[in-house]
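Written out below as structure tokens is the structure these notes cover.
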Amino acid sequence: MTTSQSSPVHIEQAMPLAEMSVAQIAALPHAQLQEAHINLLSLQSMVRAVLDRMHTALDQRYAAQAQAARLANGRDFGVCHLNDGELRITVDLPKKVTWNQAQLAATAARIAAAGDKVADYIDTDYSVPENRFNNWPPALRDQFAPARTVKPGKPSYRLVLVQENLE
């Protein structure tokens, strides 16, 4: 298994890893571990690119029919089912809503000014950018610290073989 990041990767190269336990993978020799990691990242990238093209092709082929089917049911979003010969296609167009934060803040201020509870109408999520928190004076940080929880994120790894003799 000798490949570099730019060489083509085939699914067959990843299959032995699919059969291995976590302990077996963790025990691989350095070079094999690094190579397997590069191969899997390359496969992931390739699969993501192919899936993107596939979804674009499906959009090209079925988006207009799906939109017509949803509109015929009086909906702009949601699930619809299409038939294309022997193929039954389920198309789900989810609704993604975003809110203008400045306008919501102004509306919340008007609700509060009218004497109503803002929480009855709007969910508020407070956050403090980490770079601001770290640059505050200690007295201010101490006031906010009880409301702050730090959890680890998901680690990422990059494996590079280092040549022992660079001469």
- So how do 150-156, 118-124 stack up, highest first, on mean other-Cβ count within 10 Å? 118-124, 150-156
- Item | Residues whose placed amide H lies under 5 Å from that of Val79, excluding near-sequence neighbours | Leu93
- Mind listing the long-range amide H neighbours of Ile89? Cut-off is under 5 Å, sequence gap 5 or more, other chains count too, H placed in the peptide plane at 1.01 Å from N. Leu82, Asn83, Asp84
- Message: Loop only by DSSP, 13 or fewer other Cβ within 10 Å of the Cβ. Give me the chymotrypsin sites (Phe, Trp or Tyr not before Pro) in the range 50-118 that pass, ordered by residue number.
- Response: Phe77, Trp99
- Message: Between Asn134 and Leu82, how high is the FRET efficiency from 1/(1 + (r/R0)^6) when r is the Cβ-Cβ distance and R₀ = 45 Å? Nearest 0.05.
- Response: 0.30
- Query: In whole Hz, what ³J(HN,Hα) sequence does the range 117-123 give by Karplus (6.51, -1.76, 1.60; θ = phi - 60°), x for Gly and Pro?
  - Reply: 7, 4, 5, 6, 10, 10, 7
- Toy charge model, Lys and Arg Cβ at +1, Asp and Glu Cβ at -1: the chain dipole around Cα centroid in debye, rounded to 20, equals 620 debye
- Any chance you could run the full-extension gain for Arg53 through Asn73? It's 0.36 nm times the residue separation minus the Cα-Cα distance, nm to one decimal. 4.3 nm
- Note on the structure: Computed ³J(HN,Hα) along the range 57-71: with the Karplus parameters 6.51/-1.76/1.60, θ = phi - 60°, integer Hz and x for glycine or proline, the list is 5, 5, 4, 4, 7, 10, 4, 5, 5, 5, 4, 5, 5, 5, 5
- Message: Checking the a/c ratio against 1.5 first, then a/b against b/c, what shape does the Cα gyration tensor give for the chain?
- Response: oblate
- Evaluate E = 1/(1 + (r/R0)^6) for Leu43 and Lys154, where r is the Cβ-Cβ distance and R0 equals 25 Å; express this FRET efficiency to the nearest 0.05. 0.85
- Message: Quick check on the chain: helices-only [θ] at 222 nm, where DSSP H runs of length 4 and up contribute -39,500 (n - 2.57) each and the sum goes over total residues. Nearest 500, please.
- Response: -16000 deg cm²/dmol
- Note on the structure: To the nearest 0.05, the calculated FRET efficiency linking Arg61 and Met15 through their beta-carbon distance, R0 being 30 Å, is 0.45
- Query: How would you rank 70-76, 81-87, highest first, on the average number of other Cβ atoms within 10 Å across their residues?
  - Reply: 70-76, 81-87
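Read-outs throughout are calculated quantities, based only on the coordinates presented, and are distinct from any laboratory measurement. In this text, all values refer to a predicted model and were calculated from it rather than measured experimentally. Glycine also receives a Cβ, built like all others from the backbone with ideal geometry; neighbour counts cover every protein chain displayed.
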